[in-house]
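*Asks:* Encoded as structure tokens, here's the structure I'll be asking about.
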Amino acid sequence: MPSAATTPLTCIKQSKPLLQVEQPVTTSWVGRVPQLKANTYADGLPIHQVEYLCCKLILRPNYFVSRKSLFEFGEVLRAPAKECGARFTSKGFSAQPLKIREVIFVDTEDFRLYNHAFILRRRIRYKDGFPIGDPELVFKFRHPDMQVAAETDVRPQILGDHRVKFKCQALPLKDTLGGIRLLFSHNVQFPRSAIGIGRENPRDMDSIIEIFPVLARVRKQPGEKITLVSDAIIEEVLQDIGQLDFGRGVTCNANVAIWRTRGEHRPLIGEFAFQVRFKDRNELGSKSLRRMEAFFLGLQYSAEKYIALNATKTGIVYRLLGNPPKAHE
């Protein structure tokens, strides 16, 4: 994402649907995300750079009652894609398998991790009804300030390998359609076995801090317990529904997911998402980015009946038992 300013633009608003105006009525977010200021972590390594641009719409779950209904959402993409010069194709994606994952979140009873912008979850992939592979741990710090997110060292103290993903996430404004706000998600993920024998199932803050030292900043006292958030085990159903092409080599798959509670299968929330990965932000030309922005703004109106504003998937899980956290994503 080429930089043209020194101050991040974390949200913009477009007063009318994109498809009804000839000229943009607000400043574009393209090129307005600043370069990170040079800095290092405690071990002397340079801070991580953003390598993903991810656009998300949080969706009402009641429209998704079958695999077919996930693909039907793809029809909503066609008009805004055509209008902005992008291309959406679903050819061949009906053969793509449905993906199932089990997801749980852990936190202190007072939601101290989430209230300080941290998220810790475990997920397990399923195939044909059976778990496959090693359970995976995902730890993230999500914040509207890119510099703060980058300088928060999420790397684990483990013997095995881990993978860091630093994402710029674009979402609609909290209370209205036609705009964009940005969150920066600094993630690390690794298989549970990478923690080492005897450390696979941390049950208190002290053992978690041994793995993620950055969490020492939120500990109040030794021996604090962690618990399953909202006593909920989440089943994620995800389907790739097609491919988006924004030109100049900027292509990506689009997917729709629904989260529901395990057991009673209570639908909680849905999500539409697409993301592009890059090694250098200059790989993303401004013309492709403007096309992506126009598509994302137009899609908000095309998919208006589906969209749930002022929500994230994680936030919905935390609010299940009527004890809302204080986090404001």
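The values are calculated or read from the model by the stated rules, or taken from the named source; none is laboratory data. Quantities reported herein were computed from a predicted structural model and do not represent experimental measurements. So basically every Cβ, Gly included, is an ideal-geometry build from the backbone, and we count neighbours across all protein chains shown. Each accessible area value is taken on the protein alone, full model and side chains, heavy atoms only, with ligands, DNA and RNA left out. Shrake-Rupley method; radii C 1.70, N 1.55, O 1.52, S 1.80 Å.
*Asks:* Would you point out the residue of the stretch 129-174, among those that are among the charged types (D, E, K, R), out of contact with any Cys (no Cβ under 9 Å at 6 or more places or on another chain) and assigned to a strand (DSSP E or B), that is nearest to PHE278 (Cα to Cα)?
*Replies:* Filtering first and then ranking leaves LYS165.
*Asks:* Oh, and also: Starting from residues that are part of a loop (DSSP other than H, G, I, E, B) and touching a strand residue (DSSP E or B) at 6+ places or on another chain (Cβ under 8 Å), keep the ones in the stretch 305-329 and report whichever is most open to solvent (accessible area, probe 1.4 Å).
*Replies:* Among residues in the stretch 305-329 that are part of a loop (DSSP other than H, G, I, E, B) and touching a strand residue (DSSP E or B) at 6+ places or on another chain (Cβ under 8 Å), the one most open to solvent (accessible area, probe 1.4 Å) is LEU309.
*Asks:* Among the residues of the stretch 273-304, how many are modelled with pLDDT of 85 or more and crowded, with 17+ Cβ neighbours inside 10 Å?
*Replies:* Matching residues across the stretch 273-304 total 20.
*Asks:* Still on this structure, please answer the following. For residues in the stretch 56-90 being free of Cβ contacts under 8 Å to residues at least 24 places away in the same chain and not aliphatic (A, V, I, L, M), which is farthest from GLY247 (Cα to Cα)?
*Replies:* The selected residue is SER66.
*Asks:* Would you be able to say whether some residue in the stretch 98-114 is within 20 Å of HIS265 (Cβ to Cβ), open to solvent by 50 Å² or more (accessible area, probe 1.4 Å), at pLDDT 95 or above and part of a strand (DSSP E or B)?
*Replies:* Looking through the stretch 98-114, at least one residue is within 20 Å of HIS265 (Cβ to Cβ), open to solvent by 50 Å² or more (accessible area, probe 1.4 Å), at pLDDT 95 or above and part of a strand (DSSP E or B).
*Asks:* Which residues, counting only those in the stretch 115-128, are open to solvent by less than 60 Å² (accessible area, probe 1.4 Å) and either in a strand (DSSP E or B) or over 18 Å from LEU321 (Cα atoms) (or both)?
*Replies:* Those that are open to solvent by less than 60 Å² (accessible area, probe 1.4 Å) and either in a strand (DSSP E or B) or over 18 Å from LEU321 (Cα atoms) (or both): ALA117, PHE118, ILE119, LEU120, ARG121, ARG122, ARG123, ILE124, TYR126.
This table checks each residue for (1) in a loop (DSSP other than H, G, I, E, B); (2) at pLDDT below 95; (3) open to solvent by less than 20 Å² (accessible area, probe 1.4 Å).
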| site | (1), (2), (3) |
| --- | --- |
| THR6 | yes, yes, no |
| GLU22 | yes, yes, no |
| THR27 | yes, yes, no |
| GLY31 | yes, yes, yes |
| GLN35 | yes, yes, no |
| SER69 | no, no, yes |
| GLU83 | no, no, no |
